[in-house]
Amino acid sequence: MDSGLKGRHFTRIADWAAEELLAVLELADELKRARARGEEHALLPGRAVGLLFAKPSTRTRVSFEVGVAQLGGTALYLSANELQLGRGETIRDTATVLSRYLDAIMIRTFAQADVEEFAGAASVPVINGLTDSTHPCQALADAMTIRERLGRLEGVRVAYVGDGNNVLHSLAAICNRLGMEIVAATPAGYEPDPDEIARAGGIDLVRDPREAAAGADVLYTDVWTSMGQEAERERRLRDLAAYRVDDSLLRVADEGAIVLHCLPAHYGEEITEEVLYGPQSAVWDEAENRLHVQKALLALIVP
Ligand code: CP
Ligand code: NVA
C-alpha cells in the first residue's frame, strides 16, 4: 500500500494534516467492513510490531496485539520494567536496537518527551499509545466513532466535561484539525495544559458543565484520576463531583447526541452506569474502533 505515509511517526495529532488523518479514518472504515465480511486483509505480512508499556492497559494492548495479527504480522508485548530500560539502559540505545528487530514500535509511558526521544532515535515508525500529555490513537477512534454515528465531522459540537487531561488534549487537536467545535468544562485547577491546547489549535473553556453540554452533538468524559495520579484520588473525587455525566446533563445536549468515554470508566464518578449503558452511549463502538483505526494507521505507516 503506497500511502505516502510510510515511515511516519504518530506521536501527536497536531503533527498530522487533516487529509492524512482522514486517510486513516477512510482505511479504518474499509478494514472494519472487511473484517465484518470475513475478508482477508493481511496488509502487513511478516512484520513485527513491539508494544512497549510502562503503564497498564486493556484496550490498547489487546487491540494492537489482535490488530497486528489480523494484518498478518506478529506483535510483542514488552513491559518497560522487564526490559533493560528499567535498569537504566538509555531510550536512545533501546530505540536503536529495537529498530533492528521490529518494523514499528508502540509506546505507552509517562513523559511525552520520552516518546519523542524514542521516535528521534528509532529508524522505524513510533506510535504513541498514551502519555501523561496525549492519547492520539484514542482521538482517531473518537473521530471514527463520531463520523460513523453522526455521518459527519464538520461542524459537530463536542463537549468534554471533567478533568482537562491527556485525552482532552488529543481530542481538542483532532476536533480542530477536522472541523469540529470543541468546548470543555473543568473545575478551576483542572484546565487542560495551555501548551498542549496551543499545539492543538485552541479550545472553548467554560466552568459550567451545563453550558458546555448545551446543544452538544457529542458529550465526552474521561476518568478523574489518570494513571500516575492515584495519590490525588480523594481530592479529585471532591473537586470534580459536579462534573459527572448523568441523565440530567445528557438532557441538556442535543436530542440525538452520543456519549463517548475512552474507558476505563468508574461508575458514579465521571459517568453513571445508566448513561454508559444507555441508548445514547457509543462507548462500546468507540472501544472497538481502536482496533480498526490502529490497523489502518499501521498499514499506512509501516514500510
Ligand atoms: N482507552 C484506553 O486507552 O484504554 P486502555 O488503558 O485499557 O488501553
Ligand atoms: N486519562 C486516562 C486515560 C486512560 C485511557 C489516563 O491517562 O489514565
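The values are calculated or read from the model by the stated rules, or taken from the named source; none is laboratory data. Everything numeric here is computed off the predicted structure, so don't read it as measured data. Backbone-built Cβ (ideal geometry, glycine too); neighbour counts: all protein chains shown.
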- Looking at (1) surrounded by fewer than 24 Cβ atoms within 10 Å (Cβ to Cβ); (2) touching a residue at least 60 places away in the same chain (Cβ under 8 Å); (3) touching a helix residue (DSSP H, G or I) at 6+ places or on another chain (Cβ under 9 Å), can you tell me which one ARG236 breaks? (3)
- Task: Give segment 188-203 a look and list any residue that's farther than 14 Å from ARG177 by Cα and in a loop (DSSP other than H, G, I, E, B), or say none.
- Result: ALA188, GLY189, TYR190, GLU191, PRO192, ASP193
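Checking the structure you have, find out if any residue of segment 15-24 is under 16 Å from the mean Cα position of the chain (by Cα), surrounded by fewer than 20 Cβ atoms within 10 Å (Cβ to Cβ) and more than 16 Å from ligand 2 (Cβ to nearest atom). Even if it seems obvious, please write down each step before you answer.
Step one: filter segment 15-24 for residues under 16 Å from the mean Cα position of the chain (by Cα), giving 15-16, 21-22, 24.
Next, only the ones that are surrounded by fewer than 20 Cβ atoms within 10 Å (Cβ to Cβ) stay: 15, 22.
Now restrict to residues that are more than 16 Å from ligand 2 (Cβ to nearest atom): 15, 22.
Yes, because at least one residue in segment 15-24 is under 16 Å from the mean Cα position of the chain (by Cα), surrounded by fewer than 20 Cβ atoms within 10 Å (Cβ to Cβ) and more than 16 Å from ligand 2 (Cβ to nearest atom).
Before we move on, is GLY215 more than 15 Å from ligand 1 (Cβ to nearest atom), outside any strand (DSSP E or B), surrounded by fewer than 17 Cβ atoms within 10 Å (Cβ to Cβ) and free of Cβ contacts under 8 Å to residues at least 40 places away in the same chain?
Numbers: more than 15 Å from ligand 1 (Cβ to nearest atom): yes; outside any strand (DSSP E or B): yes; surrounded by fewer than 17 Cβ atoms within 10 Å (Cβ to Cβ): yes; free of Cβ contacts under 8 Å to residues at least 40 places away in the same chain: no.
Considered against the rule, which asks whether it is more than 15 Å from ligand 1 (Cβ to nearest atom), outside any strand (DSSP E or B), surrounded by fewer than 17 Cβ atoms within 10 Å (Cβ to Cβ) and free of Cβ contacts under 8 Å to residues at least 40 places away in the same chain, GLY215 comes out as no.
Would you be able to say whether some residue in segment 180-202 is of a type in the set (Gly, Ala, Ser), within 16 Å of ligand 2 (Cβ to nearest atom), surrounded by fewer than 19 Cβ atoms within 10 Å (Cβ to Cβ) and more than 17 Å from the chain's Cα centre (by Cα)?
Here is the first cut: in segment 180-202, the ones of a type in the set (Gly, Ala, Ser) are 184-185, 188-189, 198, 200-202.
Retained after the next criterion (residues that are within 16 Å of ligand 2 (Cβ to nearest atom)): 184, 200.
Checking which are surrounded by fewer than 19 Cβ atoms within 10 Å (Cβ to Cβ) leaves us with none.
There is no residue in segment 180-202 that is of a type in the set (Gly, Ala, Ser), within 16 Å of ligand 2 (Cβ to nearest atom), surrounded by fewer than 19 Cβ atoms within 10 Å (Cβ to Cβ) and more than 17 Å from the chain's Cα centre (by Cα).
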- Restricting the search to segment 143-197, which residues are of a type in the set (Gly, Ala, Ser) and closer than 23 Å to VAL252 by Cα? ALA143, GLY151, GLY155, ALA159, GLY162, GLY164, ALA172, GLY179, ALA184, ALA185, ALA188
- Message: Being surrounded by 24 or more Cβ atoms within 10 Å (Cβ to Cβ) and either more than 19 Å from ALA282 (Cβ to Cβ) or modelled with pLDDT under 95 (or both) is the requirement here; does HIS169 meet it?
- Response: yes
- Could you grab me the full set of residues in segment 95-109 that are over 15 Å from the mean Cα position of the chain (by Cα) and either within 16 Å of ligand 2 (Cβ to nearest atom) or in contact (Cβ under 8 Å) with a residue 40 or more places away in the chain (or both)? LEU98, TYR101, LEU102, ASP103, ALA104, ILE105
- Message: Restricting to segment 250-267, name every residue that is over 20 Å from the mean Cα position of the chain (by Cα) and assigned to a loop (DSSP other than H, G, I, E, B).
- Response: ALA253, ASP254, GLU255, GLY256, ALA257
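So, in segment 59-71, exactly how many residues are out of contact with any Leu (no Cβ under 6 Å at 6 or more places or on another chain) and either over 12 Å from ARG108 (Cα atoms) or not β-branched (Val, Ile, Thr) (or both)?
Step one: of segment 59-71, the residues out of contact with any Leu (no Cβ under 6 Å at 6 or more places or on another chain) are 59-62, 65-66, 68-70.
With either over 12 Å from ARG108 (Cα atoms) or not β-branched (Val, Ile, Thr) (or both) added as a condition, the list becomes 59, 61-62, 65-66, 68-70.
Residues in segment 59-71 being out of contact with any Leu (no Cβ under 6 Å at 6 or more places or on another chain) and either over 12 Å from ARG108 (Cα atoms) or not β-branched (Val, Ile, Thr) (or both): 8 in total.
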- Query: Is there a residue in segment 149-165 that is away from ligand 1 (no atom under 16 Å from the Cβ), under 15 Å from the mean Cα position of the chain (by Cα), in a loop (DSSP other than H, G, I, E, B) and not basic (Lys, Arg)?
  - Reply: yes
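Would you pick out the residues in segment 218-249 that are of a type in the set (Asp, Glu) and not in a loop (DSSP other than H, G, I, E, B)? Walk me through it before giving the result.
As a first pass, look at segment 218-249 and keep what is of a type in the set (Asp, Glu): 222, 230, 232, 234, 239, 246-247.
Once the filter is applied, which keeps residues that are of a type in the set (Asp, Glu) and not in a loop (DSSP other than H, G, I, E, B), segment 218-249 yields GLU230, GLU232, GLU234, ASP239, ASP247.
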